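Novice: Here it is, the structure in full.
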Amino acid sequence: MPHTCFSGSITALTVRSAAALSLACALPAQAVVGTGTPASCTEAALTTELSAGGAVSFNCGPNPITIPITSTKTLSQSTHIDGGGLVTLQGDGSVRLFDLTGGLGYTMSRLVLSEGAAQGGGSGGAIRIEGGTLYLEDVELYGNTALGTFARGGAIYSFSGAEVELRRVRATINQATYGGAIATGGSTDRLTLT
């Protein structure tokens, strides 16, 4: 399956997120989850394809598919995930979907992130990003939670100077003690909505 880059202009982006987007667009389709059938699109296949970073797409057939996620996917290399408008990554209500570390660039497009949960008072039910940049385009954040005394960002929590840019992102029914859908952890973090 060929790698599809974002549509539209990057002129409205910040310099840093434009660099992350340029990186994602420059990456070849290095990894494909699935071999054309829904049965081939498993959490194990996703974990394998994410391990090297780079561009990750899906080939699960022509219909929408939900891939259950039972363990947090920790990414420490620049990664672009493109769901092709057909993929939902669904937590089981007891695990965060993504933990982004290393201060690098990450992009996600055309997918649904649902029912992720930060446990034990943690923050960011779908995504927790430490430093670096995160660019989401055409993503739905649905039903993610971060509950506990100091829990922040039901869907996304950024800290340590992270920059998050959201374009055509829909966040519904996310909840947290602080920042129902999105929360930042400090004065050096930046959130941009376009």
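The values are calculated or read from the model by the stated rules, or taken from the named source; none is laboratory data. Remember, predicted model here, so these are calculated numbers, not experimental data. Here Cβ is always computed from backbone atoms with ideal geometry, including for glycine, and neighbour counts include all displayed protein chains. Quick note on the areas: whole protein, heavy atoms, side chains included, nothing else; ligands and nucleic acids left out. Shrake-Rupley method; radii C 1.70, N 1.55, O 1.52, S 1.80 Å.
Novice: Could you please find all residues in the range 31-77 being open to solvent by 30 Å² or more (accessible area, probe 1.4 Å) and modelled with pLDDT under 95?
Specialist: If the condition is that a residue be open to solvent by 30 Å² or more (accessible area, probe 1.4 Å) and modelled with pLDDT under 95, then S51, A52, S76, Q77 are the ones that fit.
Novice: If I ask for residues that are touching a residue at least 12 places away in the same chain (Cβ under 8 Å) and on the phi < 0 side of the Ramachandran plot, which ones from the range 33-47 would you list?
Specialist: Step one: filter the range 33-47 for residues touching a residue at least 12 places away in the same chain (Cβ under 8 Å), giving 33-38, 40-43, 45-47.
Once the filter is applied, which keeps residues that are touching a residue at least 12 places away in the same chain (Cβ under 8 Å) and on the phi < 0 side of the Ramachandran plot, the range 33-47 yields V33, T35, T37, P38, S40, C41, T42, E43, A45, L46, T47.
Novice: For the range 61-144, please list each of the strands (runs of 3 or more DSSP E) lying entirely inside it that holds at least 1 residues being free of Cβ contacts under 8 Å to residues at least 40 places away in the same chain, farther than 25 Å from E163 by Cβ and out of contact with any Lys or Arg (no Cβ under 6 Å at 6 or more places or on another chain). Write out each step before concluding.
Specialist: On the way: elements: 65-69, 73-75, 79-91, 98-100, 105-114, 127-130, 133-142.
Per the criteria, 65-69, 79-91.
Novice: I would also like to ask the following. Got a sec? Which of E140, E165 is open to solvent by less than 20 Å² (accessible area, probe 1.4 Å), modelled with pLDDT of 95 or more and either out of contact with any His (no Cβ under 7 Å at 6 or more places or on another chain) or not basic (K, R) (or both)? Reasoning before the result, please.
Specialist: Values: E140 fails: open to solvent by less than 20 Å² (accessible area, probe 1.4 Å).
Answer to the check: E165.
Novice: Which of the residues belonging to the range 155-184 are among the acidic types (D, E) and touching a Phe, Trp or Tyr at 6+ places or on another chain (Cβ under 7 Å)? Please lay out each step first, then the result.
Specialist: At the first step, the residues of the range 155-184 found to be among the acidic types (D, E) are 163, 165.
The answer is E165, and nothing else.
Novice: So in the range 174-189, with the set limited to residues that are in a loop (DSSP other than H, G, I, E, B) and polar (S, T, N, Q), which one is surrounded by the fewest Cβ atoms within 10 Å (Cβ to Cβ)? Lay out the reasoning, then the answer.
Specialist: Step one: filter the range 174-189 for residues in a loop (DSSP other than H, G, I, E, B), giving 174, 177, 179-181, 185-189.
Within this subset, residues satisfying the condition of being polar (S, T, N, Q) are 174, 177, 187-188.
Numbers: N174: 24, T177: 18, S187: 7, T188: 12.
Of everything passing the filter in the range 174-189, S187 is surrounded by the fewest Cβ atoms within 10 Å (Cβ to Cβ).
Novice: Could you check how many residues of the range 145-162 are surrounded by 21 or more Cβ atoms within 10 Å (Cβ to Cβ), over 13 Å from the mean Cα position of the chain (by Cα), hydrophobic (A, V, I, L, M, F, W, C) and part of a loop (DSSP other than H, G, I, E, B)?
Specialist: Looking only at that region, the number is 2.
Novice: Let me ask something else about it. Take the range 28-58 and flag every residue that is out of contact with any Asp or Glu (no Cβ under 9 Å at 6 or more places or on another chain) and within 16 Å of S76 (Cα to Cα).
Specialist: Result: L46, T47, T48, E49, L50, S51, A52, G53, G54.
Novice: Filtering the range 81-99 down to residues that are closer than 19 Å to G131 by Cβ and either among the acidic types (D, E) or over 9 Å from the mean Cα position of the chain (by Cα) (or both), which residue is surrounded by the most Cβ atoms within 10 Å (Cβ to Cβ)?
Specialist: Here the answer is R96.
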